[in-house]
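Shown next, in structure tokens, is the structure this report addresses.
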Amino acid sequence: MTVTAMVKVIERNGVPVAAPEGEIDLANVADCRAQLISVVPNTAPGLILDLSQTTYLDSRGVHLILELAERLRTSQQQMALVLPERSVIRRVLLLTQVDKTVPLCRTLDEALQQFRS
Amino acid sequence: MIVAPERVSTKLILLVDDDPVLLQALPEALRLRMEEVNVETCDSAERALQRITEVDYEAIVTDIKMPGTDGLALLAQIKALRPDTPTLLITGHGEHDLAVQALRGGAYDFIQKPIDREYFVASLIRAMQARQYKRQLDDQQHTLERHASDLERTIQERTRELQFLADASRILTASLDSEATLKSIARLAVPRLADMCMTFLAESDGQVRRVEVVHSDPAKEQRLRKLLERYPFNAVVSEPTATVLRTGQALLVPEISEEWARGLGPHTEELSVARTLGSVSLIIVPLVARGRTLGVIAFLTAESNRQYTRDDLALVEELARRAALAIDNARLYEQERRIAETLQRSLLPQRLPPIPGLASAARYLAASPEAVGGDWYDLFVLPRGTVGLVMGDVAGRGVRVAALMAELRSALRAYAVEGYSPAEVVQRLAMLIEPGEMATLVYLIFDPATQTVRFTNAGHPPPLAVAPDGRAAYLEGGAPPLGALRMPSYHEQSAQLWPGSTLLLYTDGLIEVRGASIDDGLARLHRAAAADPNEDLDELVDRVLGEVTRGRPGGDDIALLALRAEIPDPTRFHVRLPAVPSSLPMLRHTLRRWMEAAQTNDEDAYEILVACCEACSNVIEHAYGAADGDVEVRGHMTEHEVEMTVRDWGRWRPPRGMNRGRGLRLIEELMRHVTVTPRPDGTTVHMQRTRRQVTT
């Protein structure tokens with residue numbers, strides 16, 4: 001069965017916050033990508049990707065995050081990740097050096113700080 | 001009815017006497033007093049008798065006393081020969097005895113000598129009038145008798161027709177197969193209505209097919225068939241049948257003539273064949289129902305020499321009307337049945353989805369091939385690795401029932417995948433039921449990791465759980481069927497199963513066996529399932545079906561669905577799945593369950609999970625191209641080490657796309673020892689690492 005990725009979107013201080021729920025893999029990464037790209041208007045300062053409800057993420061997810069960051073950088077927009085300290089997916093993000101490209105924040109507030117600075 | 005006697009027109013009267021004077025005088029006297037009378041005379045009884053045998057006289061007058069045969073003897077002869085001819089006897093003066101004898105002998109009157117001419121003439125006229133009346137009476141009597149017998153014949157004919165139509169109706173209502181119906185009608189028509197009968201059906205694609213050819217003589221029927229073989233009906237549209245088909249108007253030809261046949265045009269092949277068998281008369285009637293001509297029936301006579309009339313046409317048209325209705329019904333029924341069957345077949349899973357770590361089996365036993373029942377079941381994997389099981393039964397049969405099943409099934413899947421609880425799902429399904437509809441249903445979510453079930457039962461027989469050691473229990477609890485209450489309220493039940501339990505879901509057809517109570521059925525199911533709980537699931541469901549129904553199921557369809565979660569071996573792991581993206585979530589569920597059983601810590605578990613899925617993603621993307629193929633994952637866990645291999649049977653192409661290389665690097669980071677062995681028959685990725693010691 002194919003699971004459609006559920007991406008919940010809210011807005012904080014004018015910044016869209018997208019939170020994919022469940023698992024991101026080869027089966028649904030394209031669907032997830034389409035949803036994430038559509039939530040960042042050109043007028044927004046950037047995107048906060050909240051991974052606290054994401055239970056699985058592999059190299060396809062990593063690639064998606066890096067691609068989004070690249071696109072936002074091109075359009076002069078920022079990006080930050082929210083990832084709780086104990087999240088199981090942290091290790092995958094560290095191993096693939098995602099933190100070198102996109103700031104990894106423990107909380108949403110911390111991520112919002114990134115946008116003020 | 002009284003009719004005035006006709007004016008006596010030239011009547012023949014015979015006068016018999018041995019006295020030549022009287023023979024001269026009396027005719028003269030009669031001619032003078034009566035109009036249009038001819039009098040013949042004979043001078044002896046012998047000669048008179050001769051004449052009487054030749055001529056039917058209006059009246060006879062004879063003397064009694066004659067030489068040879070006397071008048072009385074002659075009277076007796078006349079009475080025998082011509083009982084209706086009035087006879088007057090002439091007696092001597094004072095011979096009263098003779099007069100009495102004469103009257104007794106059947107004389108109309110007696111005339112005494114000397115003859116009073118006036119009296120004689122008056123008596124003669126009376127006699128002749130009496131004869132006339134008698135004749136008219138007889139005529140009327142005959143007419144009446146003829147009329148009565150005509151009526152009798154008509155009644156018999158109508159009775160036969162009604163009997164025929166009744167026989168026809170019995171045949172027509174007996175079958176829902178239009179072709180069989182038309183064949184029996186042809187058989188019925190011969191020889192009662194025709195010497196030959198041919199029936200044709202117009203198919204939905206416009207083609208016309210000859211369905212049956214019957215002849216009263218079996219030998220001629222053979223010949224007729226042989227001759228007709230040369231003319232497949234739809235290849236040559238043959239007249240006059242084609243015209244009847246096209247116009248929908250019946251055709252009556254009382255006498256088939258050369259001239260009429262010539263007027264039909266060039267294509268009269270079938271008629272020509274019929275004519276070689278000596279056809280005399282024909283009727284062709286269209287089979288019309290709801291404005292459409294479904295076919296035609298041709299009736300022909302030959303040997304019987306019978307010529308069809310308007311009466312025959314009326315009878316045959318009535319027969320055709322009934323036949324058309326029956327065929328139309330049969331087609332509608334067949335159409336509806338096919339739709340319902342297609343719908344239902346499409347609703348039942350073609351095969352149950354293979355789920356690693358789970359065995360499943362299902363059976364569907366239709367009570368009758370004609371009618372499609374409302375039993376259905378479903379089995380699907382839910383997003384979090386749990387399994388949804390459904391068993392349902394919509395009341396009734398036919399298209400509407402199948403349609404409701406379709407609605408319930410898709411709605412249930414949709415709500416289930418959205419993550420609604422069993423009670424929430426069933427509550428929502430209850431909204432789909434329209435007034436007058438009713439459905440039972442049980443929806444279970446089985447979690448293989450915890451061996452628990454959550455379920456909601458809407459009036460369905462309880463699922464049965466059977467432990468590997470033979471303990472068994474019904475999962476009781478539920479609410480009324482969907483459609484039973486206007487504002488139903490459904491609740492969730494849950495149960496902890498014995499590890500490795502088998503779950504059995506079924507419809508009431510299984511436990512409702514004729515002549516036994518439902519409790520008996522439930523007890524039998526319990527016994528049968530518990531008898532050998534570890535047997536292969538396919539064998540188990542077949543055995544349970546046989547034992548519970550005792551080989552004679554009731555009138556209802558039976559659906560049976562079985563599911564069993566294998567108890568994972570904490571040291572070994574093995575699955576083989578289709579190399580498609582949708583296999584990945586299933587692989588993760590199964591791996592998680594195994595690692596949980598092996599008490600792997602969360603970090604290890606996640607890293608092994610990612611490594612295996614990366615390897616599998618690579619297989620899915622690179623090993624087979626557009627072709628189908630499988631991916632196999634094996635695992636071996638010891639206290640300190642974990643070893644995983646992922647293999648395929650394809651040929652890898654060089655990595656391409658934007659993800660190239662990252663997956664493999666990640667695997668290497670996560671697993672420490674990684675070897676990739678490409679071979680012509682497939683590639684194996686071997687991964688190994690030590691386990692972290694559990695710290696929490």
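Things worth noting here:
- Some residue of region B:291-309 being in contact with a Gly (Cβ under 7 Å, 6 or more places away or on another chain) and either among the hydroxyl-bearing types (Ser, Thr, Tyr) or in a strand (DSSP E or B) (or both): yes
- Qualifying residue in region B:589-601 (condition: under 60 Å from the mean Cα position of the chain (by Cα), at the interface with another protein chain (Cβ under 8 Å from one of its Cβ atoms) and in a helix (DSSP H, G or I)): no
- Any hit, region B:590-602, residues being acidic (Asp, Glu) and closer than 30 Å to A:ILE89 by Cβ: yes
- Counting only strands (runs of 3 or more DSSP E) that fall entirely inside region B:395-490 and contain at least 3 residues that are farther than 30 Å from B:PRO568 by Cβ, the qualifying elements are B:439-447.
- Number of positions in region B:271-290 that are assigned to a strand (DSSP E or B) and under 23 Å from B:ALA202 (Cα atoms): 8
Listed here are the residues, each with its yes/no results for (1) farther than 22 Å from B:VAL288 by Cα; (2) out of contact with any strand residue (DSSP E or B) (no Cβ under 7 Å at 6 or more places or on another chain); (3) surrounded by 17 or more Cβ atoms within 10 Å (Cβ to Cβ).
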| site | (1), (2), (3) |
| --- | --- |
| B:ASP177 | no, yes, no |
| B:ARG187 | no, no, no |
| B:THR199 | no, no, yes |
| B:GLU212 | no, no, yes |
| B:ARG225 | yes, no, no |
| B:PRO240 | no, no, yes |
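- Looking only at residues of region B:375-425 that are basic (Lys, Arg) and within 30 Å of B:TYR333 (Cα to Cα), we find that the one that is farthest from the other protein chains (Cβ to nearest Cβ) is B:ARG397.
- Hits in region A:38-65 - residues which are within 14 Å of chain B (Cβ to nearest Cβ), buried (at least 17 other Cβ atoms within 10 Å of the Cβ) and of a type outside the set (Val, Ile, Thr): A:LEU51, A:TYR56, A:LEU57, A:ASP58, A:SER59, A:ARG60, A:GLY61, A:HIS63, A:LEU64
- Considering the conditions (1) surrounded by fewer than 23 Cβ atoms within 10 Å (Cβ to Cβ); (2) part of a helix (DSSP H, G or I); (3) in contact (Cβ under 8 Å) with a residue 24 or more places away in the chain; (4) over 43 Å from the mean Cα position of the chain (by Cα), B:PRO533 is excluded by exactly one of them, (2).
- Just one of the numbered conditions (1) touching a strand residue (DSSP E or B) at 6+ places or on another chain (Cβ under 9 Å); (2) more than 13 Å from chain B (Cβ to nearest Cβ) is not true of A:ALA34: (1).
- Enumerated helices (runs of 4 or more DSSP H) restricted to region A:15-117, each holding at least 1 residues that are of a type in the set (Gly, Ala, Ser): A:29-38, A:59-74, A:108-116
- Lone qualifier among B:ALA579, B:ALA562 - being touching a Leu at 6+ places or on another chain (Cβ under 9 Å), within 23 Å of B:PRO356 (Cβ to Cβ) and of a type in the set (A, V, I, L, M, F, W, C): B:ALA562
- A count restricted to region B:604-636 and to residues that are among the polar types (S, T, N, Q) and more than 9 Å from chain A (Cβ to nearest Cβ) stands at 1.
- B:GLU547 in a loop (DSSP other than H, G, I, E, B) and among the acidic types (Asp, Glu): no
- Any hit, region B:236-256, residues being over 31 Å from the mean Cα position of the chain (by Cα), assigned to a loop (DSSP other than H, G, I, E, B) and either under 17 Å from B:ALA323 (Cα atoms) or of a type outside the set (Asp, Glu) (or both): yes
- Evaluated against (1) surrounded by 16 or more Cβ atoms within 10 Å (Cβ to Cβ); (2) of a type in the set (D, E, K, R); (3) over 23 Å from B:ALA362 (Cβ atoms), B:ARG409 falls short on exactly one condition, (3).
- Output for region B:262-274, where each listed residue is under 17 Å from B:THR301 (Cβ atoms) and either under 27 Å from the mean Cα position of the chain (by Cα) or surrounded by fewer than 17 Cβ atoms within 10 Å (Cβ to Cβ) (or both): B:SER272
Taken together, the values in this text are just the output of simple stated rules run on the coordinates, not laboratory data. What you see is a predicted model, and the numbers here were worked out from it, not measured in a lab. Cβ: placed from backbone, ideal geometry, glycine included. Neighbour counts: every protein chain shown.
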